[in-house]
There are 4 protein chains.
Amino acid sequence: MGNTFGKIFKITTFGESHGLGLGVTIEGCPAGLAIDEGFIQSEMQRRKPGQSKITTQRKEEDEIKILSGVFEGKSTGTPIGMVIMNTDQKSKDYSHISDKFRPSHADFTYFEKYGIRDYRGGGRSSARETAARVAGGAVAKMLLQHFGITVHAYVSQVGELKLDKPYQEMGLSQAEDNIVRCPDPAMAEQMISYIDEVRKSRDTVGGVITCVAKGVPAGLGEPVFDRLHAELGKAMLSINAVKGFEYGSGFKGVTMRGSQHNDAFYQDGDKVRTKTNYSGGIQGGISNGEDIYFNVAFKPVATIMQDQDSVNEAGEAVTVSGKGRHDPCVVPRAVPIVEAMAALVLADYLLIGRTNKLLI
Amino acid sequence: MGNTFGKIFKITTFGESHGLGLGVTIEGCPAGLAIDEGFIQSEMQRRKPGQSKITTQRKEEDEIKILSGVFEGKSTGTPIGMVIMNTDQKSKDYSHISDKFRPSHADFTYFEKYGIRDYRGGGRSSARETAARVAGGAVAKMLLQHFGITVHAYVSQVGELKLDKPYQEMGLSQAEDNIVRCPDPAMAEQMISYIDEVRKSRDTVGGVITCVAKGVPAGLGEPVFDRLHAELGKAMLSINAVKGFEYGSGFKGVTMRGSQHNDAFYQDGDKVRTKTNYSGGIQGGISNGEDIYFNVAFKPVATIMQDQDSVNEAGEAVTVSGKGRHDPCVVPRAVPIVEAMAALVLADYLLIGRTNKLLI
Amino acid sequence: MGNTFGKIFKITTFGESHGLGLGVTIEGCPAGLAIDEGFIQSEMQRRKPGQSKITTQRKEEDEIKILSGVFEGKSTGTPIGMVIMNTDQKSKDYSHISDKFRPSHADFTYFEKYGIRDYRGGGRSSARETAARVAGGAVAKMLLQHFGITVHAYVSQVGELKLDKPYQEMGLSQAEDNIVRCPDPAMAEQMISYIDEVRKSRDTVGGVITCVAKGVPAGLGEPVFDRLHAELGKAMLSINAVKGFEYGSGFKGVTMRGSQHNDAFYQDGDKVRTKTNYSGGIQGGISNGEDIYFNVAFKPVATIMQDQDSVNEAGEAVTVSGKGRHDPCVVPRAVPIVEAMAALVLADYLLIGRTNKLLI
Amino acid sequence: MGNTFGKIFKITTFGESHGLGLGVTIEGCPAGLAIDEGFIQSEMQRRKPGQSKITTQRKEEDEIKILSGVFEGKSTGTPIGMVIMNTDQKSKDYSHISDKFRPSHADFTYFEKYGIRDYRGGGRSSARETAARVAGGAVAKMLLQHFGITVHAYVSQVGELKLDKPYQEMGLSQAEDNIVRCPDPAMAEQMISYIDEVRKSRDTVGGVITCVAKGVPAGLGEPVFDRLHAELGKAMLSINAVKGFEYGSGFKGVTMRGSQHNDAFYQDGDKVRTKTNYSGGIQGGISNGEDIYFNVAFKPVATIMQDQDSVNEAGEAVTVSGKGRHDPCVVPRAVPIVEAMAALVLADYLLIGRTNKLLI
């Protein structure tokens, strides 16, 4: 269980850090969608390791291959199968940690759960699995684009460095202009220096990603349990290293009064709109047509280039030594993953929404 | 879609604010569990309206009736059906808002989604539906208790009033000793006065609930998408008025270094434990045997006793006037709901966990 | 698991033979459908016990009550909860079989599965649970009717008495004119006499129900696993006492040559049609617009008014004595159940079908 | 929808006749199972085309490659991803049928459903997709074998040639000794000659496969909707060309009296057994420990080497000419597919069964 996401438009993924390859099966993509393989590949590039000095220097080409479900450039309605072969899977010796539990990694919990574990690079618990999500999310994005919906994420905090500008005041696509993926050039520079410094100190640091979806029609969401923001929250919390999720006013909304927080409705042409948007575009778990926005908190990466105390499978005290090529901060590469998961939720709810009324 | 929660131990609910009744069907409760109807009813009392001066004064008895699935005091493995008849459903006239959209309520979004809405008290979007969750959660709690797992929630913040003590320093069950459900008596008093003041100013305010699960065995969680904390997050975000979720170090963890944040392992008798618990009892989406703890942010209640600008179904500007009996702050009554949803997730994952290994 | 049927339009049922009541929650019924409570009740009458001399003489009123999901006569899109209270549940003493396994009943298997069983009237394994299906199916029928789809079932065989007329040559609604529900009056009379004779010999006999769905649009079905006929087959096989399912040419088709069996296409106005219909209206698991028809085989009822050898929970040889009021042949009352399950499948697939293409 | 089968132990497949490749993702395989890749490959050989003179002469190597989920020869509990690359996908020109609807194929229904179709060899509707099922089923078989459960299928009828021996009187594994897969050597020879004759007449013929599962423990099955035989039935009906399913006494049971049909219980050592087995090993939808057996009816293959009348997408009358390399009778190659699907159901229900009782 746990390797499928979605209800109608859904992905099932497989693959671990050091197996032969990863894959994703996309079910429920409506027939007739133009599938741009180049776009999928370009999304893969945004996530792939080795893309800048502030990410891991590991090399993976992350080349996707579509095996099914697309004919003459269009989706056929049948499952779209894609694979990404691992090219780097034999390059490293893991014997030094094969029986040790790395602190704040999933080594111990996988061992407890399954009684066996693939110790090479964390196996399935490695963020490598998110490559398959990005491939699936790219198809979701193409579907959304067809209906005029866009999803943009960016880095809004690294350690204590917090961007306080509201998203409306920035060009969101500018986030792609720098390696940390922050749309404010000055802050981006600070963040890059900071991450580089953390890296040099053989340590890691956390961050926050903000995501904004525009053009989402009113009416998407499936209360009571599958509220739109509940599914978005689950999607985000399912990404490696995520510790928190808030949408609209979020944790800050707690201190507000109802009279401040309520978003007054007004009529704008033939559309009902709200004057403020503390609701984050979602009311009662259903989109209201305003921008959807939310924050995702990422912890500092667990792999640090320092010696740490731990135990091994035999219960003996051991030292885990930092080694290898790892990210000092996960958020720059997590931006496309956040977008992918958000796109998957929206694509799914868009299709589910077609079944709500008697006539459509 | 959206009215079922869980995979093995799962609940399906029905019912709205002013229908004849609510109901819950519990599937997957293992056979042989002693079912204490009195305990279920006592959980209902903790949630029900009219319980104190700082909650709504509406009266609902919330009496549950078990229709199936229990024989001679024990679960039989077949679905447990329970109903709660609405006793207050005809007491009010809703004609004054029948075509108006109340700000930050779900009136508009339900109307957009379904093209029709039950305007009486919010219909299905009313927090009244959570009564069925509490009934289901009570059975989940009995299952957990059988395996030595406990779930306790409490109010840790109301508006700006924030309890800064860690949960370890308080007796969690003391939360039930006061009407705001905060385990610190001094803070509880402040919170009560504050909510009462907000109520008198015809306004509302938000709050935070903290929840702690103890005794959860290592190994529960279903990566990659159904990580334990992702499902807990979804469960919490599915509760009315929730805007955010964080577990372990949460949003604060963002500013930490990996070297601080990592939880070092040590051997404690025959158990592997961690020295700190920034992980919040979950690593890689799987429980590690430490306490699981998380925070849930609630916005201020949308119904305020003040006039507000809005529009109606015809797109005309209207005034929505505050009326009726509503909660000035939702958190005191939301404590048992948070516990119920957490218990449902844990019961479900406990059973799923039985299928992970070849031999158990 | 196993108490929910359907994917979008789905029902979850609870209730056993001698509990307080039964219930069904219908999720996914599109908003805006006129719900005729009288029609639901009339479907219940067709299934209820005591309706004629050839059914059980047990009395149950089977009165349904709608608790939610319908407002001002229309579905609101939220779950429709219905309950049927058991009125006869205390009328009988089951102590004589409380530890005995009745042959070809589910007493032994429930006991093995759950380690506990509700021995009163078979508990959940009683066909009493199908009352909830009929209530759910009645709502599905109203949805289908809105789209011009009809579902008619009838008894086509009782013991060796087999109706050899194709369904096209009979008025299907005439099945309701007699107590055995066979649309051929002469055959109906024979069947009634035969069942009555079997009843007098304190025995039981099996039968076949044929079901025809008309007006199903081309394009419904979800290959590869959820082919339309596979889901119909599962739906039928989930009904008590069913031993077989075949559609179109069925088991007889085995002996045909491809050149006979293939259904040639021709153009009929703007519609593509087939000259023959050995496919039973389904090709590749997807409806082709022709009539869908299938047969369902029911075994003889296991409860007979005779002494039978068996064992008890302690493994001792015992005699099970026939007692009570039971059906000598299940098919007359099973006709509305077959229709209900077929309607549920078609309603579900109709809605799923809305998600197949990019534009609809 | 429709490309996933199972609830806990489940497979998701992708791939069509002439895409680059097929794949299967197996979720829920318990950790620690020894995975014998050679066995999986040997199951593929049993299904693959070109294996004898009575099957299609098309050549596909059907070589499986495991990409994930297996480490050091054992399942890790994470998804097992396998791919089978198509080697023959470019060998044929399909332009002659690209806009024609082949009679009793899925060309027309796919076109109606999706508005687009992959006309090369039937696309996803081709029985080629069953290769992925066999790969998944092979893993299920290894799990069953670990628990002492075996599944054997064989051809029991081809056209009018019907094997009347009960399965108990034959060595089931002998079915593999001849190319038609009938365990009775004399009948096998007749069947082979008959199929060969049909092939020479450029026609096709149907058949029946019987399947027997031994060693299934009592207690598997999920009433009321997911009865064990209902899921087996769905599994079988989801296979290409299947028209009917019956288990135990099946359609013949209809003519029996309850007094004949009931299976009397007796005590056999510490086991409760039945004297007869008309129930087919399943009572009330739950296994009772006796052999499970059922029949699956296959229609004659739709592709015949003859000219047939049809229409094209433009609604014009056209002739479809028989061409290519096709099976004159599908049953010999369908034997491993039936076994695979049965094994998948049993493996799934075996794991679900672990969640039924409080203590296991």
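Please indicate, with yes or no, whether at least one residue in segment B:336-358 is of a type outside the set (A, V, I, L, M) and surrounded by fewer than 21 Cβ atoms within 10 Å (Cβ to Cβ). Yes, segment B:336-358 contains at least one residue that is of a type outside the set (A, V, I, L, M) and surrounded by fewer than 21 Cβ atoms within 10 Å (Cβ to Cβ). In segment A:29-54, the qualifying residues are those that are in a loop (DSSP other than H, G, I, E, B) and open to solvent by 10 Å² or more (accessible area, probe 1.4 Å), and the one that is nearest to the other protein chains (Cβ to nearest Cβ) is A:GLY32. At least 2 residues being more than 10 Å from every other protein chain (Cβ to nearest Cβ) is the threshold, and among the helices (runs of 4 or more DSSP H) wholly inside segment B:146-263 those reaching it are B:185-200.
Has segment D:107-116 got any residue that is surrounded by 22 or more Cβ atoms within 10 Å (Cβ to Cβ) and more than 7 Å from every other protein chain (Cβ to nearest Cβ)? Yes; the residues of segment D:107-116 include at least one that is surrounded by 22 or more Cβ atoms within 10 Å (Cβ to Cβ) and more than 7 Å from every other protein chain (Cβ to nearest Cβ).
C:LYS65 - would you say it is modelled with pLDDT of 95 or more and not in a loop (DSSP other than H, G, I, E, B)? So C:LYS65 passes the test. The single condition from (1) within 19 Å of the chain's Cα centre (by Cα); (2) free of Cβ contacts under 8 Å to residues at least 60 places away in the same chain; (3) open to solvent by 20 Å² or more (accessible area, probe 1.4 Å) that B:CYS182 fails is (3). If you go through segment D:234-271 and keep only what is open to solvent by less than 20 Å² (accessible area, probe 1.4 Å) and either out of contact with any helix residue (DSSP H, G or I) (no Cβ under 7 Å at 6 or more places or on another chain) or in contact (Cβ under 8 Å) with a residue 60 or more places away in the chain (or both), you end up with D:ALA235, D:MET236, D:SER238, D:ILE239, D:GLY248, D:GLY250, D:VAL254, D:GLY258, D:ASN262, D:ASP263. Of all the residues in segment C:318-335, those that are open to solvent by less than 20 Å² (accessible area, probe 1.4 Å) and more than 29 Å from C:MET236 (Cα to Cα) number 1. Restricting D:ILE97, D:ILE80 to those that are among the aliphatic types (A, V, I, L, M), buried (at least 21 other Cβ atoms within 10 Å of the Cβ) and out of contact with any Leu (no Cβ under 9 Å at 6 or more places or on another chain) reduces the list to D:ILE97.
Contact map, segment A:186-204: residues that are among the acidic types (Asp, Glu) paired with residues that are part of a helix (DSSP H, G or I), Cβ distance under 8 Å, separation 6+ or inter-chain. Pairs shown: A:ASP203/B:GLY258; A:ASP203/B:SER259. Counting the residues of segment A:319-360 that are more than 9 Å from every other protein chain (Cβ to nearest Cβ), farther than 20 Å from A:GLN51 by Cβ and not β-branched (Val, Ile, Thr) gives 11. Residues in segment A:149-161 include at least one that is crowded, with 24+ Cβ neighbours inside 10 Å, at pLDDT 95 or above, of a type in the set (S, T, N, Q) and closer than 25 Å to A:GLN57 by Cβ. Can we say B:GLY315 is more than 9 Å from chain A (Cβ to nearest Cβ), surrounded by fewer than 22 Cβ atoms within 10 Å (Cβ to Cβ), more than 30 Å from A:CYS329 (Cα to Cα) and out of contact with any helix residue (DSSP H, G or I) (no Cβ under 9 Å at 6 or more places or on another chain)? Spelling it out, it is not the case that B:GLY315 is more than 9 Å from chain A (Cβ to nearest Cβ), surrounded by fewer than 22 Cβ atoms within 10 Å (Cβ to Cβ), more than 30 Å from A:CYS329 (Cα to Cα) and out of contact with any helix residue (DSSP H, G or I) (no Cβ under 9 Å at 6 or more places or on another chain).
Scanning segment B:12-26 for residues being assigned to a strand (DSSP E or B) and surrounded by fewer than 24 Cβ atoms within 10 Å (Cβ to Cβ) gives a total of 1.
In segment B:290-309, the qualifying residues are those that are open to solvent by 10 Å² or more (accessible area, probe 1.4 Å) and closer than 30 Å to B:ASP263 by Cβ, and the one that is farthest from the other protein chains (Cβ to nearest Cβ) is B:ASP291. Among residues of segment C:91-106 being of a type outside the set (S, T, N, Q) and assigned to a helix (DSSP H, G or I), the one that is nearest to the other protein chains (Cβ to nearest Cβ) is C:ILE97.
Considering segment A:117-133, and only residues there that are closer than 21 Å to A:SER321 by Cβ and among the basic types (Lys, Arg), the residue that is surrounded by the fewest Cβ atoms within 10 Å (Cβ to Cβ) turns out to be A:ARG120. Take segment C:47-71 and flag every residue that is of a type in the set (Lys, Arg) and closer than 18 Å to C:THR87 by Cα. The answer is C:ARG47, C:LYS48, C:ARG58, C:LYS59, C:LYS65. Screening C:GLY269 on (1) on the phi > 0 side of the Ramachandran plot; (2) touching a strand residue (DSSP E or B) at 6+ places or on another chain (Cβ under 8 Å); (3) more than 7 Å from every other protein chain (Cβ to nearest Cβ) shows it passes everything except condition (2). Applying a threshold of 8 Å to beta carbon distances and a minimum spacing of six or more residues, or different chains, the list of pairs starting in segment A:55-78 at a residue that is on the phi > 0 side of the Ramachandran plot and more than 14 Å from every other protein chain (Cβ to nearest Cβ) and ending at one that is crowded, with 16+ Cβ neighbours inside 10 Å and in a loop (DSSP other than H, G, I, E, B) reads A:ASP62/A:LYS48.
The values are calculated or read from the model by the stated rules, or taken from the named source; none is laboratory data. Just so you know, these numbers come straight off a predicted model, no measurement behind them. Quick reminder, even Gly has a Cβ in these numbers, built from the backbone with ideal geometry, and neighbours come from all protein chains shown. These area figures cover heavy atoms from the full protein model, side chains too; ligands, DNA and RNA do not enter into them. Shrake-Rupley method; radii C 1.70, N 1.55, O 1.52, S 1.80 Å.
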